[in-house]
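This report concerns only the one structure given below.
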Amino acid sequence: MTDKTITRRELIATTAKVAAVAATVGPAVAQTAKPAGTLVRPVAVSSMNGLAAVKVAVEKMAAGVPPVDAAVAGVALPEADPDDVTVGYGGLPNEEGVVQLDAAVMDGGTMRAGAVAALERIKHPAQVALDVMRRTNRVLLVGEGALRFARTHGFVEENLLTDRSRKIWLYWKENASQRDDWLPDPREVDDPDIQWFIKKYGDAILRPSGTIHLSACGPGGQLGCCTTTSGLAFKIPGRVGDSPLIGCGLYCDGEVGSAGGTGHGESNIVSVGAHTVVEFMRQGKTPEAACLAALERVVRNTKLDYLRDEKGRPKNNLLLYAVSHAGEVGSAAIWSGERVKYAMCRAGSEPQLLDSAYLFHRDKA
Ligand code: ASP
């Protein structure tokens, strides 16, 4: 069956079938929500690069810090970490070698939100987003305006491009095309920074997925969340992904739950992923079931041939994470894989990495 011949009805049927299979096999979906009464709060969930971040967020909430501030405190770790090349300092730059960051926060109690996009030279964009939420009556500032706002609020400008990220960018640029003026240097492959990158992300993908989303649920079920990223690696300058868009990269409703996503941003934008997850939780689904249902919609909404494989399934992966008001947690992805996990921490316990549920099984190449 080719992309062109698969019908929408068949695709839905395929998706439902695979989802049903995913719901019955494998450890990825074995985790079921416990009854609300036994759930310990505070609790935080995040993308798998947030193992340390969820611990910080839970400690902060246990000490009385509101969930949205706790989430921002947690994600400050990967934002400052040059070894996370998908967030903040050391994030992979745009196609011109300039690091442009996107971040957003949302507070479920007040339903206020703040965001910045294409922000340059500021290491902690999530903290700037928090100031946008608290110190303006607006939601989203971009580019030069966001930088001026950050300066006004005392954020210090710095060069965010580490030598490692610069080398990875150059390696991508030199290998991207045989027709431009850039020639790859054979010695580059042996460079320790390029080796580090290939070991971490594989040599097939020169544009790794990353980003951190963190959803936090306080001791009384208060909710807040944050998503922060350097965005799609080597993007068109000015490109903004799902991460700073309220409803897409993150959303929370103080009476229902909190959710967010990482992965292919454009797919998440057109299906308004995080808001969709929260709406499914509102209808009574567990966080995991809500994430799966939202991803089924993403699959149905992926109609362009260049985004689909030969069976009509999305080529790109998208991961969603959620916590309910009661403290249940869950996560799901379109595709299975080694990096399809999420971080979770509850008060009184150590943070752990859990398998995310998924719709389609990806055989290892
Ligand atoms: N969702 C991010 C974006 O599209 C990238 C990622 O999570 O990998 O900017």
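The values are calculated or read from the model by the stated rules, or taken from the named source; none is laboratory data. Owing to the predicted nature of the structure, the values given are computational and were not obtained by experimental measurement. Cβ atoms come from the backbone with ideal geometry, glycine included; neighbour counts cover every protein chain shown. To get the accessible areas, we keep the full protein, side chains included, count just its heavy atoms, and leave off ligands, DNA and RNA. Shrake-Rupley method; radii C 1.70, N 1.55, O 1.52, S 1.80 Å.
What to note about this one:
- Along principal axes, Cα extents of the chain, largest first, whole Å: 62, 57, 35
- Among 284-290, 116-122, sorting by the average number of other beta carbon atoms lying within 10 angstrom of each residue, highest first, gives 116-122, 284-290.
- Theoretical ellipticity at 222 nm over the chain - DSSP helices of four or more residues, -39500 (n - 2.57) apiece, nearest 500: -10000 deg cm²/dmol
- Max-minus-min Cα coordinates of the stretch 213-267 on each principal axis give 42, 16, 16 Å, with the largest extent listed first.
- When peptides 327-333, 256-262 are sorted by average Cβ neighbour count within 10 Å, with the highest value leading, the order is 256-262, 327-333.
- Net charge over other residues, Cβ less than 9 angstrom from the Cβ of LYS167 (K, R count +1; D, E count -1): -2
- The residues of the chain have, on average, 44 Å² of accessible surface per residue, using a 1.4 Å probe with all protein chains present.
- Computed from the alpha carbon positions, the gyration tensor of the stretch 199-244 leads to an equivalent ellipsoid with semi-axes of 29, 15, 5 Å, biggest first.
- Net charge over other residues, Cβ less than 9 angstrom from the Cβ of SER331 (K, R count +1; D, E count -1): -1
- The stretch 266-284 residues near the modelled ASN301 label - backbone nitrogen below 14 Å, point 7 Å along Cα→Cβ: 266-280
- Förster radius 56 Å - calculated FRET efficiency between ARG148 and ASP309 (Cβ-Cβ, nearest 0.05): 0.80
- Ranked by the mean number of other Cβ atoms within 10 Å of their residues, highest first, the peptides 66-77, 308-319, 344-355, 266-277 come out as 66-77, 266-277, 308-319, 344-355.
- Taking only the alpha carbons of the stretch 121-233, we obtain Rg and Dmax values of 18.7, 59 Å in that order.
- Rg and Dmax of the stretch 57-178, both derived from C-alpha coordinates alone, stand at 15.6, 56 Å.
- The average projected area of the stretch 246-354, computed from the convex hull of its Cα atoms over all directions, is 7.0 nm².
- For the chain, the fraction of 1.4 Å probe accessible surface lying on carbon and sulfur atoms is 53 percent.
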